[in-house]
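Enquirer: There's a structure below that I have some questions on.
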Amino acid sequence: MSLIEKAKDYMMSRRSFVKATATLAVGAAASATLPGCGLQKVSSDRVAEVANQEGEWVTAACWHNCGGRCLNKAYVADGVVIRQKTDDTHPDSPDYPQQRGCARGRSHRKMVLGTDRLKYPMKRKNWEPGGGQKELRGKDEWVRISWDEALDIVANEIKRIKEKYGNASIFAPAGGSGGNMEPLRLLNSYGGCTTRWGDVSWGAWPVVWQKVTGLQDNGALAGNDRFRLRDSKLIILWGANPAQSSQGNPSFNLLQAKRAGAKFVVIDPLYSETARILADDWIPVRPATDTAFILGMAHYILTNNLHDQKFLDTYCSGFDADHMPEGADTKDNFKDYLLGTYDGTPKTPEWASKICGVSADKICQFAMEYASTKPAAIIAGGAPARINNGEHLPHAMMTLAFMTGNIGIPGAGVSPNMHNRSTNPGPLLVRPGGSGLPAIPNPIAKSRINSGEMWDAVIAGKFTESKGAQKDVNIQMIWNWFGNTLNQRAGTTRGIEAHRKVEFAVAQNLFLTTDARYSDVVLPVTSQWERPGGLLTGNREILIYFRQVIKPLFEAKSDMWIVTELAKRLGIDPAKAINPVSEEQQLHNQIAGATVMKADGSGYEKLVALTAEDIKELQAKGASQAGRITYKEFKEKGIYQIPRSRGDKLEFTSFQDYLANPVGKKLNTASGKLEIYCESLAKAIEKVGFTAKSPIPKYEPSREGYEDGMRDGYPFQVITTHYFRRSHSTLDNVSWLREAFPQELRINASDAAKLGIKNNDIVKVTSRHGAVIRPAYVTPCLMPGVITLGEGAWVEMDNQAGVDKAGCTGILNGHIPTGQGHTGYNSCNVKLEKYDKPLDPDVKWPQRIIF
């Protein structure tokens, strides 16, 4: 019976509901009072007793990287989580919307209180100092050990490896900026470590945006806020699917723009959930070929005199030979590249059509519509630019907007606009204070490896430091924590090989994730529900204050406790270097330092008023202060949302001030203008040392893009979508979500017919880098030649067959560093075939329950 049918057919009494939902949660209370008992079933009498007790709604952390960060509340009675709810702090309206949680957030107690939580420290059975039988990582049995033994092992291995190989031999792939993540605090205090770098979520956008516009924050300061979107006449969602990828209010905000009269065009190989809600027109484009499509549009706009020459002359540099930067070759201008003046290839719609798969007529029609409509906004997701050597795409997309003057006008613009800033960019209107915990810099900060090169570096002992500079590195320890790096970065197949090469691998997590499974020692950590609390930012208008919901389960410890204990074993004074500010004081500092924008937009003021009694309750030190709201209100509501209305002083459109005064407010670029010819971008990419880019946007096929696949016998392209059942890889183990959202492989109906594939047939997907198997979902809502697979599934290798049964997209993606070093998830060629063995739905797979 399906989850929906169960919901319809089973009407629960209050007592049966509590029994069904509190069975595991009651065990949470038991674990707090009876150490070692952990999660377990209890008697119906105990359930009834808890059900009849008065409880409290506690704002619970919904801390995952989904882009929503909505309000999540847990009803707690006698230490037991009875149920959850979302935002009901005020009436819902388009101008002042509630911050409602999604299926993922509402299933949190099934994750935090899951029977598959890691309960005790453990080590691999066949591990020994130096690695033991390293080939058994990922397959070995686990042995329960004490915390003292676990900490001794980790500390001794850190000491041994540092003394034998040096600090650079310790690799922390989870990374983190400023040295503030707990394991980095320890490693940096102990001489440093090797880390990784490279953009993931935003693809090729960040460096391109910064160099072309002079603005540093591509997510915060790009496009129109939710009110200004209502001024748009045309909104183009280019590879943007907020209905699935950015939970919370983005789709609701776009719906208000549609109701205000905006036409929506969705450009995406997939007829997405967002397209179903909003699209007036859907244009499917082959992955990694959007730049060709844009150039075909630009050629039509130019040759039909639809471009805004005055805008280009006033605000831009490099469009034509007359407006090139001083010292640049005038032949390298964008106009002559479009016309094919020097390379002999005009970038006509017909030329573009052969590459991108959109008909020439459609390219012309859409170019005409875009060029003749103002204000028109292009809202780009990160996906189209998550391609190998993809820097040309954002550069071309911005240039298209510059050509039509569709920028800097309320309702117009071009922007990478996704995640928690999706549909609502602009300076934060509510900001948390700092924790007061000082950062610890990495003494060997130059030992940084690009994400696309890191697993090869572990195996080969070399990495690219810069152009022409290969640096030796001898990595012998990998420390995994936050991030599930092995699962979530491209080249997972190579990453497993790397994990089996080093002498020691340690992981700390809530569950036996992919990172943990391929480690030697695993340390169980507490969730945010088991810690003192903290502040979370969501969209620019809110600040969430979450608190401790339950006591720590089993023997789980916080990350800070773990590194504090390790520091003692390594001869480091934790009170001075690791943890000089208590968690309680850090929370106070964040609350006391929180600020909110004044109604007139003139600056910030304190958000929270604190009394001496409030500070005492927080177990912190500090001075009383005035603020917009009381601490009691902030604690009880768990959220502050700044009131907004149409026409207020807080609306935002990027570049509006520049257009008003382009001389007095020059951009922070070499020319002071928007740079179609951008030498600084070309030099920045050349310096990285992987590939090169011309100063103007051009079409250069991506490595493992459409052309490579057709040439090499991998005729399908796979796009890796964000998926309803998890936030990246987090929550993938929750049975409710596994049942509601199976990890299917979407395939176009005509492609499926040619291959003899029907719904629920098991399909093997093979790339140059690995193979996965998944059940097929046959649909017309997908471009032929393209398949989709949700990213984030936890690797489940069938070692005999050499396939991953879970459908982890990292297995298919290649470890390919290009351009500025971002990760090209959507440059991936595959071939398909029916698989001759059955595959149970993963909701029926045994949970990873250890002890």
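The values are calculated or read from the model by the stated rules, or taken from the named source; none is laboratory data. Keep in mind that this is a model prediction, so the values were computed, not measured. Reconstructed Cβ throughout: ideal geometry from the backbone, glycine too, with neighbour counts over all protein chains shown. We work out accessible area using only protein heavy atoms, side chains counted, and drop any ligands, DNA or RNA first. Shrake-Rupley method; radii C 1.70, N 1.55, O 1.52, S 1.80 Å.
Enquirer: Taking the conditions exactly as written (modelled with pLDDT under 95, more than 25 Å from Gln256 (Cβ to Cβ) and touching an Asp or Glu at 6+ places or on another chain (Cβ under 8 Å)), does Lys632 satisfy them or not?
Expert: Judged against the criteria, Lys632 is not a match.
Enquirer: When both residues are 6+ apart or on different chains and their Cβ atoms are under 6 Å apart, which pairs have a first residue that lies in region 356-367 and is farther than 12 Å from Trp282 by Cα, and a second that is hydroxyl-bearing (Ser, Thr, Tyr) and surrounded by fewer than 20 Cβ atoms within 10 Å (Cβ to Cβ)?
Expert: Within 6 Å, the pairs are Ser359/Ser353; Ala360/Ser353.
Enquirer: Look at Phe293 and say whether it is aromatic (Phe, Trp, Tyr) and part of a helix (DSSP H, G or I). First the steps, then the outcome.
Expert: Details: aromatic (Phe, Trp, Tyr): yes; part of a helix (DSSP H, G or I): yes.
For Phe293, the condition - aromatic (Phe, Trp, Tyr) and part of a helix (DSSP H, G or I) - is met.
Enquirer: If you don't mind, there's one more thing I want to ask. Farther than 23 Å from Val786 by Cβ and touching a Phe, Trp or Tyr at 6+ places or on another chain (Cβ under 6 Å), is that true of Phe311?
Expert: Answer is no for this residue.
Enquirer: If I go through region 717-728 residue by residue, how many of them are assigned to a loop (DSSP other than H, G, I, E, B) and open to solvent by less than 10 Å² (accessible area, probe 1.4 Å)? First the steps, then the outcome.
Expert: Narrowing region 717-728 to residues assigned to a loop (DSSP other than H, G, I, E, B): 722-726, 728.
Still in the running and open to solvent by less than 10 Å² (accessible area, probe 1.4 Å): 725-726.
So the answer is 2.
Enquirer: Right, Tyr315: open to solvent by 30 Å² or more (accessible area, probe 1.4 Å), modelled with pLDDT of 95 or more and in contact with a strand residue (DSSP E or B) (Cβ under 6 Å, 6 or more places away or on another chain) or not?
Expert: yes
Enquirer: Separate question: Within region 483-547, which helices (runs of 4 or more DSSP H) (wholly inside it) include 2 or more residues that are touching a helix residue (DSSP H, G or I) at 6+ places or on another chain (Cβ under 9 Å), open to solvent by 10 Å² or more (accessible area, probe 1.4 Å) and over 25 Å from Ala74 (Cβ atoms)? Don't jump to the end; show me each part of the working.
Expert: Values: elements: 485-488, 492-499, 514-517.
Qualifying helices (runs of 4 or more DSSP H): 492-499.
Enquirer: May I ask you to verify whether Ser680 is assigned to a helix (DSSP H, G or I) and without any contact (Cβ under 8 Å) to a residue 60 or more places away in the chain?
Expert: It is false that Ser680 is assigned to a helix (DSSP H, G or I) and without any contact (Cβ under 8 Å) to a residue 60 or more places away in the chain.
Enquirer: What pairs come up if the first residue lies in region 301-313 and is assigned to a helix (DSSP H, G or I), the second is open to solvent by less than 60 Å² (accessible area, probe 1.4 Å) and among the hydrophobic types (A, V, I, L, M, F, W, C), and their beta carbons are under 6 Å apart, counting only those six or more places apart or on different chains?
Expert: Ile301/Ala367; Ile301/Ala371; Ile301/Met403; Leu302/Leu338; Leu312/Phe319
Enquirer: A further question on this structure: Taking the condition of a type outside the set (Asp, Glu), open to solvent by less than 30 Å² (accessible area, probe 1.4 Å), part of a helix (DSSP H, G or I) and within 26 Å of Thr513 (Cα to Cα), does Ile811 pass? Don't jump to the end; show me each part of the working.
Expert: Values: of a type outside the set (Asp, Glu): yes; open to solvent by less than 30 Å² (accessible area, probe 1.4 Å): yes; part of a helix (DSSP H, G or I): yes; within 26 Å of Thr513 (Cα to Cα): yes.
Judged against the criteria, Ile811 is a match.
Enquirer: For the structure I just gave you, tell me whether Asp732 is touching a Phe, Trp or Tyr at 6+ places or on another chain (Cβ under 9 Å) and either in a helix (DSSP H, G or I) or of a type in the set (Gly, Ala, Ser) (or both).
Expert: Criteria not met by Asp732.
Enquirer: What's the number of the only condition in (1) free of Cβ contacts under 8 Å to residues at least 60 places away in the same chain; (2) in a loop (DSSP other than H, G, I, E, B); (3) of a type outside the set (D, E, K, R) that Gly792 fails to meet?
Expert: Going through the list (1) free of Cβ contacts under 8 Å to residues at least 60 places away in the same chain; (2) in a loop (DSSP other than H, G, I, E, B); (3) of a type outside the set (D, E, K, R), Gly792 breaks only (1).
Enquirer: Quick check, is Trp147 surrounded by fewer than 20 Cβ atoms within 10 Å (Cβ to Cβ), of a type in the set (Phe, Trp, Tyr) and on the phi < 0 side of the Ramachandran plot?
Expert: Against the criterion (surrounded by fewer than 20 Cβ atoms within 10 Å (Cβ to Cβ), of a type in the set (Phe, Trp, Tyr) and on the phi < 0 side of the Ramachandran plot), Trp147 qualifies.
Enquirer: With the requirement that a residue be more than 30 Å from the chain's Cα centre (by Cα) and either of a type in the set (A, V, I, L, M, F, W, C) or assigned to a strand (DSSP E or B) (or both), what does region 367-407 give you?
Expert: Hits for region 367-407 are Ala367, Met368, Ala371, Met403.
Enquirer: For the list (1) of a type in the set (Gly, Ala, Ser); (2) over 25 Å from Asn484 (Cβ atoms); (3) open to solvent by less than 20 Å² (accessible area, probe 1.4 Å), I need the number of the one condition that Ala749 fails.
Expert: (3)
Enquirer: Select the helices (runs of 4 or more DSSP H) contained entirely in region 104-213, then report the ones holding at least 2 residues which are touching an Asp or Glu at 6+ places or on another chain (Cβ under 6 Å).
Expert: In region 104-213, 205-213 are the helices (runs of 4 or more DSSP H) which contain 2 or more residues that are touching an Asp or Glu at 6+ places or on another chain (Cβ under 6 Å).
Enquirer: For region 239-283: of the residues being within 23 Å of Ile355 (Cβ to Cβ) and of a type in the set (Asp, Glu), which is least open to solvent (accessible area, probe 1.4 Å)?
Expert: So, considering only residues that are within 23 Å of Ile355 (Cβ to Cβ) and of a type in the set (Asp, Glu), the one least open to solvent (accessible area, probe 1.4 Å) is Asp268.
Enquirer: Find the residue count for region 440-460, including only residues that are in a loop (DSSP other than H, G, I, E, B) and surrounded by 14 or more Cβ atoms within 10 Å (Cβ to Cβ).
Expert: 8
Enquirer: Among all residue pairs at least 6 apart or on different chains, which show Cβ distances below 8 Å where the first residue, located in region 35-62, is on the phi > 0 side of the Ramachandran plot and the second is of a type in the set (Lys, Arg) and modelled with pLDDT of 75 or more?
Expert: Going by the 8 Å Cβ cut-off, the qualifying pairs are Gly38/Lys119.
Enquirer: What residue, of Ala401, Ala367, Ala385, Ala396, is open to solvent by less than 20 Å² (accessible area, probe 1.4 Å), more than 14 Å from Leu229 (Cα to Cα), among the small types (Gly, Ala, Ser) and out of contact with any helix residue (DSSP H, G or I) (no Cβ under 8 Å at 6 or more places or on another chain)?
Expert: Working: Ala367 fails: out of contact with any helix residue (DSSP H, G or I) (no Cβ under 8 Å at 6 or more places or on another chain); Ala385 fails: out of contact with any helix residue (DSSP H, G or I) (no Cβ under 8 Å at 6 or more places or on another chain); Ala396 fails: out of contact with any helix residue (DSSP H, G or I) (no Cβ under 8 Å at 6 or more places or on another chain).
Just one listed residue meets the conditions, Ala401.
Enquirer: Restricting to region 287-313, what's the tally of residues that are farther than 20 Å from Leu237 by Cα and aromatic (Phe, Trp, Tyr)?
Expert: 2
Enquirer: Go through region 648-687 residue by residue and tally those that are closer than 30 Å to Pro97 by Cα, surrounded by fewer than 16 Cβ atoms within 10 Å (Cβ to Cβ) and modelled with pLDDT of 95 or more.
Expert: Within region 648-687, the subset closer than 30 Å to Pro97 by Cα is 648-657.
Among the residues that remain, those that are also surrounded by fewer than 16 Cβ atoms within 10 Å (Cβ to Cβ) are: 648-649, 657.
After this cut, where a residue has to be modelled with pLDDT of 95 or more as well, the list is 648-649.
Matching residues across region 648-687 total 2.
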